[in-house]
Structure formats: structure tokens, C-alpha cells
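J.: Can you read through this structure? Questions will come right after.
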Amino acid sequence: MMGGMASEETRTAKSPTVRSSATPPDGEPLVPATRAWAVRLVVVGIVLSALNLRPAITSLGALLEEVRDGLGMSGSVAGLLTSVPPLCFAVFGVMAPRLARRFGAGAVVCAGMVAITAGLLIRPYTGSTAGFLAASALTLMGIAVSNVLMPVIVKRWFPDRVGSMTGLYSMALALGTSAAAAVTVPMTEALGGSWQSGLAVWAGLAAAAVLPWIPLVRDRGPASTEPKAARSVHTRVEGAGPVRHVHARVKPPAPSALRITRSRTAWALAVFFGLQATAAYITMGWMAQIFRDAGVSAGTAGLLLAVTMVMGVPLAFVIPRVATRLPHQGPIVIALGVCGLAGYAGLYLAPAAGAWAWAVLLGVSNCAFPLALTMVGMRARTGAGVAQLSAFAQSTGYLISIPGPLLVGVLYQHSGGWGLPIALMIGLMVPQMAVGVLAGRDRTVEDEAAR
């Protein structure tokens, strides 16, 4: 018997036709039928989740004046309110990779959508500024973990389609952002003029985003469908006799530690992310008010903000695809920055006369966000590297962006106009372009951290 076992092991070792059971004779991987429905659910979940990552912010921007009056907020407190999103993204976003390792990315995103739904339902009816801020923080906590994990999910489920899937995700995000800005005011009027109803109605969209993730709560993705402690490796042994299966218990290798802070590209990407987030949240929080103070009606100001956001729908799909085909993303960074400078200059010189042009230019400039997400996927080689880089770049970036919207509110409150705030926006665009060029260089954080 021992000799028979040895001869079989010898034939197994020498046979050139030992293949993984997941690989057929023609070399193409076998995709289990159970994975096909999961992939479709992931696509639906990504789109619905992306639609919900900004309405909590832009719907508030469209009704900021009504919320301030209803809760008795000063300009400085309103500035604090517009700074809450990046603060929550920084604090809660850094927790996302650890939560994903423990519970799975799908489960964490599902919980994030539940948090968004609950926060949107609660915050309009708290009756106080403190309660409004607390409920907003709950919503933004859900947004924060989903922000960080979306590039991770894309890299894990669609490693050969990072550009196109990031584009789809970014396009859905821009669509949700613009829709909330465009329809919140007319929807509020249709609901009787109550700003509470106009804000709370967006909880319905968030509740729909919970559904596709429920079947995926226990699913860890294509790369990790078996327990982490030990996986069973199945091989087909083809020889003279019938096909036999050899089972081996293989302990997965421990992931190597990536010292992300040693990478200059990671720091450049984090600063770029922070500066573009500063511009985006100033725009979402204050642009409608800038137009209203220039004499534009509330409904038109909401539409102008929607135009700014809707520019990201087509461009957020195109820019990632173009970026993945370029060895250096610096030219795209420069082009977007120039549009931003032109839009801010227009807001300073003639905010009402050229309002539609400035809205379009700033919408193009805000597409630095999908570009940053794409570079997160391109600047790391592995899924683990993308998770670390995404958490580092987004958490550090959102920390950097916290003072911007708050400072705009303070400058507006004390200067009585928009000259100084707009000058601040122009001043921040120049370093954004510089660090964006550095982040766009063709290199990976793993190589830099190793050196």
C-alpha cells in the first residue's frame, strides 16, 4: 500500500496536466454560476450606493438658508455644519479597512447604507442645532465607510475593469449629487414648503440601496470565498486512470505590512484628495448661497448647483477611462485646475451675469474627485494596497479639507461679502494642481514604501 501511495504521488508530481479545479483544459477560468448573480448584485449595489453618497450634503446646501432660519444658526455655525462632512469622512473613513477585514466589505457597506437611511430620517426633526449635527454625523459615518470601500470593492470584484467601473461609480455619484441639488427645492415646495420634509424624503433612496447588499453580507468577494484560517485547494490529476481530486489544506500567507506613510505618492495623493474635497464641499455647501446673495432666486440657484454637479455624470465616466490609458495623469489635473480658476474668477467678477458659465466650469473642475479615485486604484498593485492607500488618502485628505468650508463661513460672516472666500478658493487651486501632478506619476506605493 505504501508503494502504491508513493507511485501515485510520483505520478501526481510529474504529471504536466495537474490543474486547479477552477481551470478547465482550455486555460479559461471556470466561473461558478453562483458567482454570476453575485457580480450582478455588486454592480447594482455599487450604483445605488454611489447615488446616496452626496444627497445628504447637496440637499442641505439647497435649503441651507431655510435650515439656518429654522434652527437659528449663525453664519459661523453654518460654516461648521458644512465642515462636518469632511470631519466625519476623516474620522470614520480610517476605520473602514479594519471593519472590512473583520466583517467583509459588503457587510460594512450594507451597514453604511442603513446608517445613511436612519440619519436622513432623524435629522430634520431633532428640533435643535446639536441634534441636527448629531444625526448628520450618523449619516456621514455611513457615507465615510462606503467612500473608502468602493475602490476596494471595485478592485476586488473587477480587477481588469478598474477604470470603467470607477467611471460607472463616479457617474452614479455625480447623478445623485446633481439630482439632490436640482429637485430638493421644488420637491420641498410640492410637499407643502416644509424644509424638514424636503430633507427627509431622501431617506427613501438610501433605503433602496440597502437591499442589494443584504445577500452579500456574508460574501467576502471572489478572492476570499472560503474561511481565512485554512482553505481547501482542489486539484485535478489526469493520468492513465480516471480523474482524481487531491485535497490539501493550505494556510493563506499573511499579508505583508505596507508602510504607506513612507510613500511620497501616497502623501501627494492624500493632499490632492484633500484640496479637491475642500473645493467640492465649499461648492456644495456655499455656491447656491453665493448665487442667491447675487440676486438669483432660490430655485434657480438650486438648478445652478445641479448643473455644477451634473457635469460629473458624463465626465466622471470618461475621465477614469482616459486616465487609465495615460502613463501620467498630470495633464488632466492641470486641465481641471484651469477650469476651476476660471470659474472662481467669474464668481468674483460677475456672479449673476455669467452664472451658468461659472456653474459649468466649476462642475468640470470638481471632476478631480473621480480622477483621485482612479489614481487610488492605479497607484497600488494589490487589493490590500488599494485598501490601505484608499483609507490613508481619503482620511488624511478629508482632515486637510475640514478648515476650508468653516473658514469660508467665518470670512463671509466677518467681511459681509464673498470676495475673501472666493479669493481663498482661488488660492487653494494652485497647490491642488501641483500635488495632483506629483500624484499622477507612474509608480506604486508598494515600491516606494519598500525603498
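The values are calculated or read from the model by the stated rules, or taken from the named source; none is laboratory data. All figures in this text were calculated on a predicted structure; none of them were measured in a lab. Every residue, glycine as well, gets a Cβ built from its backbone with ideal geometry; the counts of neighbours run over all protein chains shown. Remember, those area values only see protein heavy atoms, side chains included, never the ligands or the DNA or RNA. Shrake-Rupley method; radii C 1.70, N 1.55, O 1.52, S 1.80 Å.
J.: Taking the range 74-107 as the search range and keeping residues that are outside any helix (DSSP H, G or I) and more than 16 Å from Ala137 (Cβ to Cβ), which one is most open to solvent (accessible area, probe 1.4 Å)?
T.: Restricting to residues being outside any helix (DSSP H, G or I) and more than 16 Å from Ala137 (Cβ to Cβ), the top hit is Ser74.
J.: Report yes if Gly343 is free of Cβ contacts under 8 Å to residues at least 24 places away in the same chain, crowded, with 23+ Cβ neighbours inside 10 Å and over 17 Å from the mean Cα position of the chain (by Cα), otherwise no.
T.: yes
J.: Test each condition in (1) of a type outside the set (A, V, I, L, M, F, W, C); (2) crowded, with 17+ Cβ neighbours inside 10 Å; (3) at pLDDT below 90; (4) assigned to a loop (DSSP other than H, G, I, E, B) for Pro351 and report the one that comes out false.
T.: Status for Pro351: all satisfied but (3).
J.: Follow-up. Just to be sure, is Met113 under 25 Å from Ser197 (Cα atoms), assigned to a helix (DSSP H, G or I) and open to solvent by less than 20 Å² (accessible area, probe 1.4 Å)?
T.: yes
J.: Looking for something over 20 Å from Met95 (Cβ atoms) and at pLDDT below 80 - is there at least one such residue anywhere in the range 126-148?
T.: Yes: the range 126-148 contains one or more residues that are over 20 Å from Met95 (Cβ atoms) and at pLDDT below 80.
J.: Ok, one more. Could you grab me the full set of residues in the range 363-412 that are of a type in the set (A, V, I, L, M), open to solvent by 30 Å² or more (accessible area, probe 1.4 Å) and under 19 Å from Pro327 (Cβ atoms)?
T.: Met378
J.: How many residues does the range 283-305 contain that are among the aliphatic types (A, V, I, L, M), crowded, with 24+ Cβ neighbours inside 10 Å and touching a Pro at 6+ places or on another chain (Cβ under 8 Å)?
T.: Within the range 283-305, residues that are among the aliphatic types (A, V, I, L, M), crowded, with 24+ Cβ neighbours inside 10 Å and touching a Pro at 6+ places or on another chain (Cβ under 8 Å) number 1.
So that you can scan it fast, the table gives a plain yes or no per residue for (1) buried (at least 20 other Cβ atoms within 10 Å of the Cβ); (2) touching a residue at least 24 places away in the same chain (Cβ under 8 Å):
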| position | (1), (2) |
| --- | --- |
| Gly131 | no, no |
| Ser136 | yes, yes |
| Met141 | yes, yes |
| Ala144 | yes, yes |
| Met150 | yes, yes |
| Met165 | yes, yes |
| Ala174 | yes, yes |
| Thr177 | yes, yes |
| Pro186 | no, yes |
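J.: Among the helices (runs of 4 or more DSSP H) lying completely within the range 372-451, list those that include at least 1 residues that are among the hydroxyl-bearing types (Ser, Thr, Tyr).
T.: On the way: elements: 383-401, 403-415, 419-439, 445-450.
Qualifying helices (runs of 4 or more DSSP H): 383-401, 403-415.
J.: Here's another thing I want to ask about it. Just one of the numbered conditions (1) at pLDDT below 95; (2) of a type in the set (A, V, I, L, M, F, W, C); (3) more than 25 Å from Tyr169 (Cβ to Cβ) is not true of Ala393; which one?
T.: Unmet condition: (3).
J.: Among the numbered conditions (1) more than 22 Å from Arg264 (Cβ to Cβ); (2) at pLDDT 90 or above, tell me where Ala372 comes up short.
T.: Condition (1) is where Ala372 drops out.
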